[in-house]
1. Under 23 Å from the Cα of Lys4, which lysines turn up, not counting those fewer than eight places away in the same chain?
2. For segment 158-218, give the magnitude of the charge dipole about the Cα centre (Cβ charges: +1 Lys/Arg, -1 Asp/Glu; no others), in debye to the nearest 20.
3. Can you order the peptides 190-200, 15-25 by their average number of other Cβ atoms within 10 Å per residue, highest first?
4. Multiplying the sequence separation of Gln136 and Ala195 by 0.36 nm and subtracting their Cα-Cα distance, what value in nm do you get?
5. Determine which aspartates and glutamates satisfy two conditions relative to Lys207: a Cα distance under 18 Å, and not lying fewer than 8 residues away in the same chain.
6. Need the full-extension length gain, Lys205 to Asp86, defined as separation in residues times 0.36 nm minus the C-alpha distance. One decimal, nm.
7. Of the options Tyr137, His13, Met56, report the single residue whose Cα projects farthest towards the positive end of the charge dipole of segment 5-143 (beta-carbon charges: Lys, Arg +1; Asp, Glu -1).
Amino acid sequence: MNSKIRILLVDDHSIVRAGFQHMLLKEADMEIVAEAENGGQAVELYRKVMPDVVVMDLAMPADRDSQESSSTAGGLDAIKRIILHDPEARILVLTIWEASPYPARVAEAGVKGYVTKRCAQNELVHAVREVFAGRQYYSPSVNGQIGSNNGESGDCSPLAQLTRRELEVFTLMADGHGTNDIAERIFLSPKTVHAHRANIFRKLKLKNNSELIHLALHLGLIQT
């Protein structure tokens, strides 16, 4: 019987994957059973190998054919699709982003843990073991954003006032997707996407898409 923790490692940068693979494979009780470089591949490999734990970034392309720069849309979509396939999936997010509202919203989506890429090796290893054991683990830097108040208490991020669906639409808009494409990707009507867009602009006091993209860049949610 295999006593090792079987890990699916997901990140769109091969050098980053190699670094974290090196860290994890130092542990006698861990093995990397598959690696993915985009959201679609992560979902496909999860269904194929059924790993014990998924260690994945948020920022990545949605699929292998995407020519867009990485944003959180690819990772958030992959998380949603994996949990839809397997509600018991044990997903540990490993990302550079500590800013609200992502830790709280990703926790709401059903992930079991959230650590930052500046964490020490022993913290990452501990987080994998905690998630594998069915417990939750959140880095101290984001732990205060997780809770029954959904991370809103003391939260000064303008995105904290968005609903989960509005945040999803915001992220896709910031990544350059139009209304019809967003509607198709998240299974909504264009009319509903327009309604979410109007709410986003009203809540964030934005006038146009350029201001939305500027805000996303300022918050570090997309990369130039």
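1. Cross-link targets: Lys26, Lys48, Lys112.
2. 300
3. Values: 190-200: 16.5, 15-25: 14.8.
Order by mean packing, descending: 190-200, 15-25.
4. On the way: separation 59, 0.36 × 59 = 21.24 nm, distance 3.49 nm.
Working it through step by step, the gained length comes to 17.7 nm.
5. Cross-link targets: Glu166, Asp175.
6. Separation in residues times 0.36 nm, less the Cα-Cα distance, equals 39.0 nm.
7. Tyr137
Any read-out appearing in this document is the output of simple, stated calculations on the displayed coordinates, not a laboratory observation. All values reported here derive from a predicted model rather than from experimental measurement. FYI the Cβ positions are ideal-geometry reconstructions off the backbone, even for glycines, and counts take in every protein chain you see.
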